[in-house]
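Here's the structure we're looking at; comments come further down.
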Amino acid sequence: MESIGHSLREARQRKGLSLADVEEITKIRTHYLKALEDENYELLPGNTYVVGFLRTYARTLGLDAQELVEEFKAASAKPEEVIKPVEPLARERRLSIPRGLLIAGLCILALITLFGVDWVWKSARPAEQRPPTTTPAATNPEKPQPKPVPSVTPPTATPQVSGLSLDLKFSARCWLEIKADGQQVFRGFGNAGSTSNFKANSSIELVSVGNAGGVSLVLNGKPLPALGGPGQTIHNKILTGKDIPQ
């Protein structure tokens, strides 16, 4: 059975079309069409886009789009994890205490009880029956002056970041999916020469970035390192106040 990419390439060549011709017809970028023919699906923004692009490409070439989509889903499906049943814990063994250790413990307990009773009895005696206690004479009648305690200045608290502001500058067309504080705020393309700004209280997540080399990031006015190279796809990049360059 022919692979998905081979079927697409062979059908396109039979129709005498180049990738640029198909791009003009389908409005799908050439590098995405080539990724479908090479079956390099990781170059596309996600499986949802793979299915959509594959369906459009197949229909344009006169192929059975549904058959190719089902073949892709079957090939990319992850096997279900088999969870083994938890075996019951073995019955705990009854602890056995050596006889010698038990006898020693009983002796120690008896001594503690005996001294405890003696202490209680002495404490209960009237004051006049208790043996007098002697207090040694003080060698120096003058009390020493306490030394002054140096004052300690509390450390200055590190200022907390009250919010995040992320600026994106596009040097090439780039696909993005962004969440702010866990809520999706953008999903689409950024065009070359354009800029976008996103704000959040605590976190900004770059859920997916296609063509990471085509966008530069500035967090709270501080430039961040490049996400990746041209055509590279980045997933689940989370930015917080700790990522602001000092």
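Which of the residues that make up region 181-220 are under 25 Å from Leu43 (Cα atoms), among the aliphatic types (A, V, I, L, M) and in a strand (DSSP E or B)?
Once the filter is applied, which keeps residues that are under 25 Å from Leu43 (Cα atoms), among the aliphatic types (A, V, I, L, M) and in a strand (DSSP E or B), region 181-220 yields Val185, Ile204, Leu206, Val207, Val209, Val215, Leu217, Val218.
How about region 207-233: which of its residues are without any contact (Cβ under 8 Å) to a residue 40 or more places away in the chain and buried (at least 18 other Cβ atoms within 10 Å of the Cβ)?
Val207, Val209, Asn211, Ala212, Leu227
Select, from Tyr41, Tyr49, the only residue that is closer than 21 Å to Val207 by Cα, surrounded by fewer than 17 Cβ atoms within 10 Å (Cβ to Cβ) and hydroxyl-bearing (Ser, Thr, Tyr). Show your work before the answer.
On the way: Tyr41 fails: surrounded by fewer than 17 Cβ atoms within 10 Å (Cβ to Cβ).
Matching residue, one of Tyr41, Tyr49: Tyr49.
If you go through region 44-60 one residue at a time, do you hit one that is at positive phi, in contact with a helix residue (DSSP H, G or I) (Cβ under 8 Å, 6 or more places away or on another chain) and not assigned by TED's automatic domain parsing to the domain that holds Val207?
No, the conditions are met nowhere in region 44-60.
The values are calculated or read from the model by the stated rules, or taken from the named source; none is laboratory data. Please read these numbers as outputs of a predicted model, since none were measured by experiment. Backbone-built Cβ (ideal geometry, glycine too); neighbour counts: all protein chains shown.
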